[in-house]
Structure formats: C-alpha cells, structure tokens
Amino acid sequence: MDPQAFIRLSIGSLWLRIPGAALNSVNSGIHAISSPCSCEIRLRGFPVQTTSVPLITSPEVTHDSHSIASSFYLEESDLKALLAPGCFYNSHSCLEIAVFSGRKGSHCGVGIKRQQIGTFKLEVGPEWGEGRPVILFNGWIGIGKSKQESGRPGVELHLRVKLDPDPRYVFKFEDLTRLSPQIVQLQGSIKQPIFSCKFSRERVPQVDPLSTYWSVSADGSDLEMERRERKGWKVKIHDLSGSAVAAAFITTPFVPATGCDWVARSNPGAWLIVRPDICRPESWQPWGKLEAWRERGIRDSVCCRFRLLSDGQEGGELLVSEIFINAEKGGEFFIDTDRQMRAAAASPIPSPQSSGDFAALALAVGGFVMSCRVQGEGKSSKPLVQLAMRHVTCVEDAAIFMALAAAVDLSIEACRPFRRKIKRGSHHSL
C-alpha cells in the first residue's frame, strides 16, 4: 500500500511575557494585561483555532518547549492553494496568530471586549512543500505596538512552529455500508481494491465464532422489530483472499430511552470491534468498544465514544475519542490526541455531554491516528477513511479501522428516532 503525502503544521510552546523595562513603564506605554490570555490561530482555508496562552510573571518560570497547542494537517491541494496568491492578496498566505487578553462575554447586559495585545505572522514559503521536518520559528518575538511607537520593548510571545511529514493511507467505501461494498485505497486518481465489507442482520449460526458476543433476538431482526430496537447488526471486513480480518457487531441494542423515541446518553447502544485471535484459530479478540447515542437540540447530533480495550479485556478500557456528528449533515469521527487534548484543556470541567476523561490519551497514541467522514441520516453515506501510516504495519492493522469506520457510519442510522413510520417496501430505513 502506498500512502498519500500529508504534512502536519504544529504550533506549540506558547508563552507571553512582559520584559522588565516594559513592566517598569506600564503606566506610560502598555495597557495592563489581564489574565487569561488566549490566541486565535488562522491559516487561509482552515477553521480558526483558539487556545490559551500562559502569561509568565516570574523569570524563574520554565516552559515546556515541546507542548503542542494547535495543529493543521495539509495535503497537496492545500499547499498549492496556500502558495498561490489569492484574488485579494499581493503575496502568499500567512500563518497568523492574534493574541488577546481578557474574556469575551457580557456583564449586566454590557458587552465586554477582549484587548488585542498583538499579532504574529509567518508567510507560507516553498519549504512548506519539501516534505521534510522543518522548524519554521522557535523563540521569543515582540508582538506589541509599544516598541514601534515609543521605542520601549513591548509584550513578547514565545512559540515554536514546525512542519513534519505525516503520510496517510486513504480508503473509501464504494457504496453504502449496509450494501456490503468493496473498500478501495485512493492514490490520486487510482483506486485499488483492498477489502470487502459484508453487512448482515440475520440470526447468527451456532457455528459462527462471533455468537459468543453477538446479541440476537429469539424471533429474528425484521423491520417490525427494528421499530422498537435495533440489534443483531454485524459487519465483517474481508481481505482480497476472502479471509475475515476484522469485524464489528452490536453488543448492546439501540433502544429508545424511557419516555422518548431516541437512543439517549443514559443508555447508549454499543458495538464491539474485534480482530482474529492469532493464538486461537476461528476465534476473535476484542479490540475496541464504540458507544453511540443521540443528543437532542436545535440541531440533533449523534455522539460516538470509542474506547480501546486493554489486552482484550473489557474491564481495561481507555477512552480515546468522543465526537459529536451532526445527525442531518454528517461529519467527521476522528482519533487525534492533539485535538482531543486541546478540547479537554479548553473545558477542564466535563460538560454533561462529555466524560472528559482524556488524561491517559497521550500515553496510548500520538497525534493523528485516523478519521472517518460520514453523511447524515437518510443520505447516501460512503465513508472516507484516513489512517496515519505510522500506525499501520500490515493490512490487518488497516482492516480493524475499516470495521470501526463501518460501525460509526451505521451508528448514524441506528440512532434515528424510532417513531418514524417505515414505508412499505422500503429497505433503507433501518
């Protein structure tokens, strides 16, 4: 398998300080900086990222030179767009970091504005596309206006900006998951068949080794039953020789919560993701657990929470991802320690919709691991999956992530409200 070229742009080791000369002249040149401080990190064509910036108040304070505050992942088309001058730009685009003090908000109905301290800019250059590790900037730099206006040193920002190659394998389901599609690897315009996906809802044969885990009903899993519960769904991933190399199946049925018609957080449906047991032929070893439920709101979302199972034991679970996907439009499920740890740091107190338990995440995996883009409910969803090359040592490693992607995709359908009438003769309302 040949990977596609991606690069990772990381911004880290963010700190603010006010030099001694500036501190002694605050009243005459620099506005008092109020904590907390934050910054908006902007790169043309990407969503703005916001993160906190610690303020150093003592020379004795040491900073972590390897911490990552923000990351952007760029493929070849992104680099071409960044290096090409835009219609309203005289030069190439820039990485821009705008630093603020104070919080956005209001008090007694009066709006409170943040104070912008300064801005750091770094122009996108040819070295961005060379495909090798490059430190673009590392150190302190003045960002305030005081030095230019009065000759005194202003506020200084410390940061480290680095480029690293991050090659990925890209896969796509050629059809709807429930139609048992072929899975191909994408390399430019070339499609190479890698796996086949087999979806089923029938009763499990007694000789099926998955029957140890798979929850089935005594009277089958027909459409009438799935008006009240959804269970017995199974996906097997086969390699080109026809051997099953990964699987996902429902272990906890998707059922409506008491008093409502949707799967609630209090009782989520669950999938078990398994791989062949190398020590016992025809047996499976648990690898991960995916829970899913529906969150109601102005725009409903489906939450997918994934845990790795330590040593195949369900008792040793490690949370590695908890993602909300727009139920109507779809979205992206991902495993990415940088993004998850930033989200946890931004909300240190878990919200009612999140467990917030990402403390050991960085110990389990590093940086980007995988992403899976799916469509919303009732739409023609053909999952697009990206895998970091460093986490794939063989075809079987990729297969287990295909099983996880299939489970995420099917969870969007499994979390649909239950009181919608199923049209006679329709096989697309599960």
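Here the range 302-321 is the region considered, the condition is being open to solvent by less than 20 Å² (accessible area, probe 1.4 Å) and at pLDDT 95 or above, and the residue that is farthest from Ala414 (Cα to Cα) is Phe306. Contact annotation: residue pairs with Cβ atoms under 6 Å, 6 or more positions apart or on different chains, pairing a residue in the range 113-124 that is under 7 Å from Ile143 (Cβ atoms) and in contact (Cβ under 8 Å) with a residue 60 or more places away in the chain with a partner that is of a type in the set (S, T, N, Q) and surrounded by 15 or more Cβ atoms within 10 Å (Cβ to Cβ), are Ile117/Ser101.
Scanning the range 278-306 for residues that are in contact (Cβ under 8 Å) with a residue 24 or more places away in the chain, assigned to a loop (DSSP other than H, G, I, E, B) and not basic (Lys, Arg) gives Glu282, Ser283, Asp300.
Contact map, the range 327-338: first residue on the phi > 0 side of the Ramachandran plot and surrounded by fewer than 20 Cβ atoms within 10 Å (Cβ to Cβ), second residue polar (S, T, N, Q) and at pLDDT 95 or above, Cβ cut-off under 6 Å, separation 6 or more or different chains; pairs are Gly330/Gln375. Applying the condition of being part of a loop (DSSP other than H, G, I, E, B) and open to solvent by less than 30 Å² (accessible area, probe 1.4 Å) to the range 261-277 and asking which residue is nearest to Met1 (Cα to Cα) yields Asp277. Within the range 282-301, the set of residues being among the basic types (Lys, Arg) and open to solvent by less than 30 Å² (accessible area, probe 1.4 Å) comprises Arg294 only. The requirement of being open to solvent by less than 70 Å² (accessible area, probe 1.4 Å) and at pLDDT below 50 is fulfilled nowhere in the range 181-195; no residue meets it. Please work out if Thr251 is without any contact (Cβ under 8 Å) to a residue 40 or more places away in the chain, among the β-branched types (Val, Ile, Thr) and not in a loop (DSSP other than H, G, I, E, B). Taking the combined requirement at face value, the residue satisfies it.
The values are calculated or read from the model by the stated rules, or taken from the named source; none is laboratory data. Values in this document were obtained by computation on a predicted structure and should not be read as measured data. Heads up, the Cβs are rebuilt from the backbone with ideal geometry, glycines too, and the neighbour counts pull from every protein chain shown. With ligands, DNA and RNA removed, areas are computed over all heavy atoms of the protein, side chains included. Shrake-Rupley method; radii C 1.70, N 1.55, O 1.52, S 1.80 Å.
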